[in-house]
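Everything on this sheet refers to the single structure shown next.
The values are calculated or read from the model by the stated rules, or taken from the named source; none is laboratory data. Since this is a predicted model, take the numbers as computed values, not measurements. With ideal geometry, Cβ positions are generated from the backbone for all residues, glycine too; neighbour counts draw on all protein chains shown. Quick note on the areas: whole protein, heavy atoms, side chains included, nothing else; ligands and nucleic acids left out. Shrake-Rupley method; radii C 1.70, N 1.55, O 1.52, S 1.80 Å.
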Amino acid sequence: MPIESGNRRRTPAEPLPVRRKTSYGSAGRASRALSFSVAVRQVFGSGFGTGFWLAAGWLLLVAACALFATVLPVRDPLDPVIVNRLNAPFTTNWLGADGLGRDMLSRLVHGARVSVVISLTAVSIGMLIGGSLGILAGYFRGRFERALMAVLDVILAFPWLVLLLALVAFIGQSLMAISLAIGLLWIPAYARVARANTLSVVQREYVLAARAMGASTLRILLREVLPNVILPVLAYGLVAMGLVVIVESALAFLGLSVEAPQPTWGGMIAEGKRHLAVAPHVALVPSITMFLTVLSLNYVGDRLRSRFEVKESNL
Amino acid sequence: MTDSQHQTQKLPLLRVEDLTVRLRGEAGIVHAVSDVSFQLQRGQTLGIVGESGSGKSVMARALMGLLPRRATQQLDGRVSLAVDGRVLELLKLSEREFRTLRGPRLAMVFQDPMTALNPVLTLGVQIAEPLQLHLGLNKAQAMARALELLAQVGIPDPEGRLRQYPHQLSGGMRQRVVIAIALACDPRVLLADEPTTALDVTVQRQVLDLLLALQRERQMGMVLITHDLGVVANRADHIAVMYAGRIVEYAPTSRLFSAMRHPYTEALFKSVPRLSDPSHTRLHAIPGRPPQLIDPAPGCAFAPRCPNVQQRCRRETPALTQAGDEHLHACFYPIGSREVGA
Amino acid sequence: MSETSNPQLRARDDIVLKVEHLVVTFDVGRELVQAVSDVSFDIARGETLGLVGESGCGKSTVGRAIMQLPPPKGGKVIFKGQDITRLEGEALRKTRTALQMIFQDPISSLNPRRRVKDIIAEGLQIWERPNQRARVEEVMEAVGLDPETAADRRPHQFSGGQCQRICIARSLALDPDVLICDEPVSALDVSVQAQILNLLEDMKARYQLTMVFVAHNLAVVKHISDRVAVMYLGKLCEIGSVDAVYQHPSHPYTQALLASIPELETSQEDAIPLLQGDIPSPMNPPSGCRFRTRCPKAQAICAQQEPAMQASPSAIDDHFVSCHFPD
Ligand SMILES: Nc1ncnc2c1ncn2[C@@H]1O[C@H](COP(=O)(O)OP(=O)(O)OP(=O)(O)O)[C@@H](O)[C@H]1O
Ligand SMILES: Nc1ncnc2c1ncn2[C@@H]1O[C@H](COP(=O)(O)OP(=O)(O)O)[C@@H](O)[C@H]1O
Ligand code: SF4
Ligand code: SF4
Ligand SMILES: [Mg+2]
Ligand SMILES: [Mg+2]
């Protein structure tokens, strides 16, 4: 496969140096790292690399926490044990306790539930509505596309936080309401990704060939366009989930996320900032958790995207 | 090349010895180029002909030091370039040293003019850039030279074109611009990798004629890579036919056409449609397709498609052997040999 | 634009496809580009018409306009006595199946996410034909693909030549009358090109096809065609039997095209001057004869008056040329 694309590529800006005999045997850090990655590849049997599996493992862990939060052997996330107040990690509590003496680990695990639910729902809403609109716009073009793009541009031009605040004020502060609000906010981005991918697919001659066969529009959309657009959109969805987690925390910072006692990562960070001077772990632990999660989502999303990139030729 | 001092006169401009390239592909190690040797004199054109996947582009990239580093498993052999009375061993150079050669010494023209130019820069900037970089010209000088170059490659209204973007040009025009960029620093060796495959016949003819005229005028050495024997027929001094990563026949052009020995060369020759044939003449297609170069089996790579194949071809790999003055071929039962009973 | 007379249309009763005064325009920003202006030709049953010209002269556009993809802006496309530019919806979809098309880039004309057998069966499924499996296997074998090993694979596992075979199989599955080939070998190596050209000839005989063969290489066109039409900048320059056009090229453009073919024989320096420069933009074509900006024989009249289609001086039947000074 790589040759054709290789032929077509322009000279790389920084051409890659090639030395004699760049084989495994020769010493040097570069080739050691190379043979290590080859070994890992042999163990895992696929070309994803260690980073991918670490990230995917972390995401799996977060998902498991969210799913089994109530049955996991952790303390009650809402139970204030005043004596433990602001205790550091690895003392009374594994990951320390917060300003009210609640167990941080338990709050993280329960908070994962909120993060997962919000990001899954929001992304699904955005993907379904935005994705469909984008595909239709890219396929039919014309007036519909122009109108849709104009509306989307207006939405995108709005400061998103203001929009979100307005939506939350309007729909409410329950878990579902927040998910819905963030999901709606996400529609324009999805519509754009889906439209761009559709535009490039529609130019392909297999779409023309299907029309020459007498295929109906619906059939073309479902059989020829959708399968080629859905994977890039899904991969984008993973990256978007990471952003949703961040958006939730921003809302929490403003006190507008899910109502108070319910633990959320954003809420924990917001609360921790009060204790930054004396007990930085209260803000740090949820921050690191969130950081790792968002990083993993982006990494896995990117990797999957390059993996699913349509293979169109072999020679 | 320690004895080179006595024979500077005869010293080839570019000399390639036993070049071997192995790449890591998805399905395994690809033996893309195996034991390729040739030399190129000043002012000469070497045509390299072969089907797609025969290793032509990989070879050209190896000469330019542009192989994908992470995919290169092995790069062996010797490539010597004679410049300014010195002989440089290209494969031993560091990337930094190599970079100073690309442009003023070695240049390459790529297959697809549509993607070889940067869509967001004007043509003027793209031609002037290497001039500023390598020849140390200032901006105004570089632009003046760019103008000259555009005129040389036959672009009408060069002043206007300097400010245009690649998408405003047709395919043939773009390939001319790519050639102008390649020639900007007056290279000694020009590698043209299927420079006209993406163009249609009339433009192909113009671009080939242009390349040849510039090569003669500047006395460059040119390697002209193509899959179509017709393209090199009247243009190259020597032709090397490549199959499955190896040179299978090498000869001066006129000799190759008058006395080709390798069955693959003949098969390629016959598959070109000719104007002199009457309509609906059946073409001589080569059955099957070139081999995948992963774990090549022993024996002649052309055996599965060869009309002359015998038992021995499947056991042993034929080596390049002399078949006359400057004429080499790698075949046990070449055309015209007794065993074939032609 | 005033419509010209069309002496090149033949009065035969086995004409399968007739194109009259075909005009195709595209919206480019604010301007209208006339990619095809007033082209007329006809094809008899079992004939192959070669359509040649430089890149951008409108060959593909003619091919697609015949398929009504998209329908032309003007003119008629008469298929088996019926003007299909007037058809719409279901009737058009149905008629289209009798006309099939093969494209230049075999790789981009196959959906990468589907299996070969589904790609080939597409038309059969749409029209709910019986015995789909048998038919798929039959056409696969006809084009030289092994149904056992190839049916379940996806296009990226095949080389360019094999992808073109898949495309041909797909277009044959619905048993069309007319096959329009849009540069089917331009993206292929010479050796594979020969395989595909031979295959097309075989398929034509086996399935009694009438073909339109679009290409820019006159040598390729000669091998496969009975009649040849030469196009320049959206107009027809010359049309006639292969022998007429190749032995007695009457239009200066045809002569220039012939001279530019890479020849194997080590013949030197051609007498005919080569074409200089590029094809002008169709946005504002030259007045009068569109070829005049590159024509070695251009005179004052060429800029003023558009040449009409007329019988060629070769005096061969059905050989027509549009030039004020034909040879
Ligand atoms: N969708 C489109 N929108 C605007 N202009 C178009 C479109 N399709 C084709 N054209 C223009 O119409 C003219 C004819 O194009 P066409 O593709 O038919 O040429 P062609 O003869 O098939 O060339 P090639 O050999 O490159 O395939 C060109 O000038 C082209 O730029
Ligand atoms: N980056 C790469 N990684 C792995 N294999 C490659 C790469 N580039 C080329 N190849 C392989 O090298 C062989 C020769 O390719 P190439 O030189 O591009 O052929 P040609 O130019 O003659 O068409 C092919 O089998 C191809 O699959
Ligand atoms: S060595 Fe044998 S198989 Fe190879 S080309 Fe010669 S005759 Fe054919
Ligand atoms: S009409 Fe005039 S310009 Fe046109 S082709 Fe004939 S001689 Fe040339
Ligand atoms: Mg190549
Ligand atoms: Mg075309």
Exercise. Would you mind finding the one in B:Ser279, B:Ser254 that is within 14 Å of chain C (Cβ to nearest Cβ), in a helix (DSSP H, G or I) and either more than 16 Å from ligand 4 (Cβ to nearest atom) or surrounded by fewer than 19 Cβ atoms within 10 Å (Cβ to Cβ) (or both)?
Key: B:Ser254
Quiz item: When the range C:83-117 is examined, which residues are found to be in contact with a strand residue (DSSP E or B) (Cβ under 6 Å, 6 or more places away or on another chain), within 26 Å of C:Glu137 (Cβ to Cβ) and within 16 Å of ligand 6 (Cβ to nearest atom)?
Solution: C:Met101, C:Ile102, C:Phe103
Quiz prompt | Set B:Leu293, B:Leu268: member being aliphatic (A, V, I, L, M), modelled with pLDDT of 90 or more and closer than 20 Å to C:Ser159 by Cα | solution = B:Leu268
Quiz item: Among (1) surrounded by fewer than 19 Cβ atoms within 10 Å (Cβ to Cβ); (2) among the hydrophobic types (A, V, I, L, M, F, W, C); (3) part of a strand (DSSP E or B), which single condition is B:Val125 missing?
Solution: (3)
Practice problem: Tell me which of these B:Arg261 doesn't satisfy, since it passes every other one: (1) open to solvent by 20 Å² or more (accessible area, probe 1.4 Å); (2) without any contact (Cβ under 8 Å) to a residue 60 or more places away in the chain. | Solution: (2)
Exercise. Scan B:Arg102, B:Arg42, B:Arg69 and give me the residue that is more than 16 Å from ligand 1 (Cβ to nearest atom), touching a residue at least 12 places away in the same chain (Cβ under 8 Å), facing chain A (nearest Cβ under 9 Å) and farther than 26 Å from C:Leu188 by Cα.
Key: B:Arg102
Exercise. Collect the residues in the range B:272-303 that are in contact with a helix residue (DSSP H, G or I) (Cβ under 6 Å, 6 or more places away or on another chain) and either touching a residue at least 40 places away in the same chain (Cβ under 8 Å) or within 16 Å of ligand 2 (Cβ to nearest atom) (or both), keeping them in residue-number order.
Key: B:Val272, B:Ile286, B:Gly288, B:Phe302
Exercise. For the range C:2-55, name all the residues that are within 14 Å of another protein chain (Cβ to nearest Cβ), more than 16 Å from ligand 6 (Cβ to nearest atom) and out of contact with any helix residue (DSSP H, G or I) (no Cβ under 9 Å at 6 or more places or on another chain).
Key: C:Asp27, C:Val28, C:Gly29, C:Glu47
Quiz prompt | Condition check for B:Leu137: without any contact (Cβ under 8 Å) to a residue 24 or more places away in the chain and open to solvent by less than 60 Å² (accessible area, probe 1.4 Å) | solution = yes
Practice problem: For B:Pro252, indicate whether it is away from ligand 5 (no atom under 16 Å from the Cβ), in contact with a strand residue (DSSP E or B) (Cβ under 8 Å, 6 or more places away or on another chain) and touching a residue at least 12 places away in the same chain (Cβ under 8 Å). | Solution: yes
Quiz item: What residue, of B:Val58, B:Val120, B:Val87, B:Val79, is part of a strand (DSSP E or B), open to solvent by 20 Å² or more (accessible area, probe 1.4 Å) and either within 16 Å of ligand 1 (Cβ to nearest atom) or β-branched (Val, Ile, Thr) (or both)?
Solution: B:Val87
Self-check item: Residues of the range C:188-217 classified as farther than 30 Å from B:Cys306 by Cβ and within 7 Å of chain B (Cβ to nearest Cβ), total
Solution: 1
Quiz item: In the range C:247-266, is there at least one residue being over 20 Å from the mean Cα position of the chain (by Cα), at pLDDT below 90 and more than 7 Å from chain B (Cβ to nearest Cβ)?
Solution: yes
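The rows are residues; the columns are (1) more than 19 Å from A:Ile118 (Cα to Cα); (2) open to solvent by less than 30 Å² (accessible area, probe 1.4 Å).
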| position | (1), (2) |
| --- | --- |
| A:Thr50 | yes, no |
| A:Leu59 | no, no |
| A:Ala64 | no, no |
| A:Thr70 | no, no |
| A:Arg75 | yes, no |
| A:Asn84 | yes, yes |
| A:Asn87 | yes, no |
Quiz prompt | Residue within the range C:73-92 that is within 19 Å of A:Val225 (Cβ to Cβ), open to solvent by 50 Å² or more (accessible area, probe 1.4 Å) and modelled with pLDDT under 95 present | solution = no
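Per-residue answers, yes or no, for (1) modelled with pLDDT of 90 or more; (2) within 23 Å of the chain's Cα centre (by Cα); (3) outside any strand (DSSP E or B):
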residue: B:Ile225; (1), (2), (3): yes, yes, no
residue: B:Met242; (1), (2), (3): yes, yes, no
residue: B:Met260; (1), (2), (3): yes, yes, yes
residue: B:Leu275; (1), (2), (3): no, no, yes
residue: B:Ala297; (1), (2), (3): no, no, yes
residue: B:Asn308; (1), (2), (3): yes, no, yes
residue: B:Pro318; (1), (2), (3): yes, no, yes
Quiz prompt | Pairs with Cβ under 7 Å, 6+ apart, first in the range A:69-87 and on the phi < 0 side of the Ramachandran plot, second among the hydroxyl-bearing types (Ser, Thr, Tyr) | solution = A:Val74/A:Ser106; A:Arg75/A:Ser106; A:Asp76/A:Ser106; A:Pro77/A:Ser106; A:Asn84/A:Thr92
Quiz item: If you check B:Arg15 against the conditions, is it surrounded by fewer than 21 Cβ atoms within 10 Å (Cβ to Cβ) and over 16 Å from the mean Cα position of the chain (by Cα)?
Solution: no
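One line per residue, one yes/no per condition, for (1) touching a Gly at 6+ places or on another chain (Cβ under 9 Å); (2) within 16 Å of ligand 2 (Cβ to nearest atom); (3) closer than 16 Å to C:Leu49 by Cβ:
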{"position": "C:Ser171", "(1), (2), (3)": "yes, no, no"}
{"position": "C:Asp175", "(1), (2), (3)": "no, no, no"}
{"position": "C:Ile180", "(1), (2), (3)": "yes, no, yes"}
{"position": "C:Ala187", "(1), (2), (3)": "yes, yes, no"}
{"position": "C:Ser191", "(1), (2), (3)": "yes, yes, no"}
{"position": "C:Asn198", "(1), (2), (3)": "no, no, no"}
{"position": "C:Tyr207", "(1), (2), (3)": "no, no, no"}
{"position": "C:Thr210", "(1), (2), (3)": "yes, no, yes"}
{"position": "C:Val214", "(1), (2), (3)": "yes, no, yes"}
Quiz prompt | Positions within the range C:267-316 being out of contact with any helix residue (DSSP H, G or I) (no Cβ under 8 Å at 6 or more places or on another chain), more than 16 Å from ligand 1 (Cβ to nearest atom), at pLDDT below 90 and open to solvent by 70 Å² or more (accessible area, probe 1.4 Å), in sequence order | solution = C:Gln268, C:Glu269, C:Ala271, C:Ala315
Practice problem: Pick out the one residue from B:Asp209, B:Asp193 that is within 11 Å of another protein chain (Cβ to nearest Cβ), under 29 Å from C:Ser55 (Cα atoms), open to solvent by less than 10 Å² (accessible area, probe 1.4 Å) and of a type in the set (Asp, Glu). | Solution: B:Asp193
Quiz item: Just one of the numbered conditions (1) at the interface with chain A (Cβ under 9 Å from one of its Cβ atoms); (2) within 16 Å of ligand 5 (Cβ to nearest atom); (3) in contact (Cβ under 8 Å) with a residue 60 or more places away in the chain is not true of C:Ser171; which one?
Solution: (2)
Quiz item: Given the conditions (1) among the charged types (D, E, K, R); (2) more than 22 Å from C:Pro252 (Cα to Cα); (3) surrounded by 19 or more Cβ atoms within 10 Å (Cβ to Cβ), which single one is not true for C:Asp38?
Solution: (2)
Practice problem: Could you tell me whether any residue of the range C:177-189 is touching a Pro at 6+ places or on another chain (Cβ under 7 Å), open to solvent by 20 Å² or more (accessible area, probe 1.4 Å) and aliphatic (A, V, I, L, M)? | Solution: yes
Quiz item: Based on what the data block shows, is C:Gly56 in the same structural domain as C:Lys18 (by TED's automatic domain parsing), open to solvent by 10 Å² or more (accessible area, probe 1.4 Å) and either closer than 30 Å to B:Thr202 by Cβ or assigned to a strand (DSSP E or B) (or both)?
Solution: yes
